[in-house]
Amino acid sequence: MKDINKIDYFIEWLEIEVQEGYKEKFLQYYTLLIEWNEKINLTTITDFDDVIIKHFVDSLLIYKVFDLTNERIIDIGTGAGFPGIPLKIVNPNLNITLVDSLKKRVNFLDEVIEKLDLTNITAIHGRAEDLGNNVVHREQYDLCVSRAVANLAILSEYCIPLVKNKGAFISYKSSKIEEELEASKKAIGVLGGKIKQLEKINILNTDISRSFIVIEKIKKTPKSYPRKSGKPNKDPIK
Ligand code: SAM
């Protein structure tokens, strides 16, 4: 049975102050996700309870590590809207920019935004490297988030240039990240970031865990970064 009330249990655990009507929005989002998933590839997770935990609650886990207030947030490689859309559903005050390089996914996001009546949120079709070299986006965001897009050295070149001085880039990673973290230290420093915090979290009463890497922006990103589209992925900074 599709029981959206289950999400309350996690919202309470995450200590999120939600606005009325959020459960209906999660239900609408689920319905659109499943409908569109038949036409375009959005997710392999489709069971209702799995989507609640592995997509919705997982996206919200950032509340365990960071105090989200009225930040201007950018979600790089958002795909079907994770984590950006769940963050927006529970906190309508956030200003969110969703970015994905696949146009079909951005079309899906536009429909979600319209049907769920979300405001102060936009979906952009583009590559992170191009946004990072565009004055409209470069060093404009308080927070950049990203889940399941690339390894941390590559991702840092996508994300850190978009963050303001003293802002943060928070990467959602699987639980084993020590090696990846070690291999990305040079890139993070070169790009103007500093590793501030590493947190591992188990989702309440499940065996699902997630690591968060919190990177603080401590100085401007040099003009030569990000390199042109495709380059960070082909030749990560090391
Ligand atoms: N963040 C979502 C999630 O956790 O479910 C989607 C993850 S999906 C595996 C990775 C997404 O990143 C894809 O939708 C892909 O199109 C996008 N992507 C990959 N490289 C990108 C880039 N350089 N700029 C923008 N989007 C990118």
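Answer with yes or no whether residue 74 is open to solvent by 20 Å² or more (accessible area, probe 1.4 Å) and within 16 Å of the ligand (Cβ to nearest atom). In short, no. The residues of the stretch 120-140 that are under 13 Å from residue 75 (Cβ atoms) and within 13 Å of the ligand (Cβ to nearest atom), listed by number, are 123, 124, 126, 128, 131, 137. Could you tell me whether any residue of the stretch 106-120 is assigned to a strand (DSSP E or B) and not hydrophobic (A, V, I, L, M, F, W, C)? Checked against the condition, which is being assigned to a strand (DSSP E or B) and not hydrophobic (A, V, I, L, M, F, W, C), the stretch 106-120 yields no hits at all.
Exactly one condition in (1) open to solvent by 10 Å² or more (accessible area, probe 1.4 Å); (2) more than 15 Å from the ligand (Cβ to nearest atom) is not met by residue 192; state its number. Tallying (1) open to solvent by 10 Å² or more (accessible area, probe 1.4 Å); (2) more than 15 Å from the ligand (Cβ to nearest atom), residue 192 fails exactly one: (1). Taking the listed residues 229, 211, the one that is within 16 Å of the ligand (Cβ to nearest atom), surrounded by 14 or more Cβ atoms within 10 Å (Cβ to Cβ), in contact (Cβ under 8 Å) with a residue 12 or more places away in the chain and more than 22 Å from residue 64 (Cβ to Cβ) is 229, with no other qualifying. When the stretch 100-119 is filtered for residues that are hydroxyl-bearing (Ser, Thr, Tyr) and buried (at least 16 other Cβ atoms within 10 Å of the Cβ), only 101 remains. Every residue in the stretch 141-160 that is part of a helix (DSSP H, G or I) and more than 12 Å from the ligand (Cβ to nearest atom), please. Answer for the stretch 141-160, where residues must be part of a helix (DSSP H, G or I) and more than 12 Å from the ligand (Cβ to nearest atom): 152, 153, 156, 160. Sub-6 Å Cβ pairs linking a first residue in the stretch 88-106 that is closer than 14 Å to residue 74 by Cβ to a second residue that is polar (S, T, N, Q), at least 6 apart or interchain, are 95/120; 97/122; 98/78; 100/78, ordered by first then second residue.
The set of residues in the stretch 62-83 being of a type outside the set (Gly, Ala, Ser) and part of a loop (DSSP other than H, G, I, E, B) consists of 65, 66, 67, 68, 69, 70, 71, 78, 82, 83.
Considering the conditions (1) of a type in the set (A, V, I, L, M, F, W, C); (2) under 22 Å from residue 152 (Cα atoms); (3) open to solvent by less than 60 Å² (accessible area, probe 1.4 Å); (4) within 13 Å of the ligand (Cβ to nearest atom), residue 51 is excluded by exactly one of them, (2). For residue 39, indicate whether it is at pLDDT 95 or above, more than 13 Å from the ligand (Cβ to nearest atom) and farther than 19 Å from residue 215 by Cα. Judged against the criteria, residue 39 is a match. Of the residues making up the stretch 89-99, one or more are among the hydrophobic types (A, V, I, L, M, F, W, C), within 11 Å of the ligand (Cβ to nearest atom) and either open to solvent by less than 20 Å² (accessible area, probe 1.4 Å) or in a helix (DSSP H, G or I) (or both). Return the residues of the stretch 121-140 that are part of a helix (DSSP H, G or I) and open to solvent by less than 20 Å² (accessible area, probe 1.4 Å); say none if nothing qualifies. Listed by number, the residues that qualify are 128, 129, 131, 132.
When 22, 9 are screened for being open to solvent by 60 Å² or more (accessible area, probe 1.4 Å) and of a type in the set (Phe, Trp, Tyr), only 9 passes. Reported count of residues in the stretch 161-189, each being out of contact with any Leu (no Cβ under 6 Å at 6 or more places or on another chain) and either farther than 19 Å from residue 74 by Cβ or assigned to a helix (DSSP H, G or I) (or both), is 16. Of the residues that make up the stretch 10-30, is at least one in a loop (DSSP other than H, G, I, E, B), modelled with pLDDT of 95 or more and under 16 Å from the mean Cα position of the chain (by Cα)? Within the stretch 10-30, none of the residues are in a loop (DSSP other than H, G, I, E, B), modelled with pLDDT of 95 or more and under 16 Å from the mean Cα position of the chain (by Cα).
The values are calculated or read from the model by the stated rules, or taken from the named source; none is laboratory data. All values reported here derive from a predicted model rather than from experimental measurement. Note that each Cβ is placed from the backbone with ideal geometry, even for glycine, and that neighbours are counted across all protein chains shown. The area values use the complete protein model at the heavy-atom level, side chains included, leaving out ligands, DNA and RNA. Shrake-Rupley method; radii C 1.70, N 1.55, O 1.52, S 1.80 Å.
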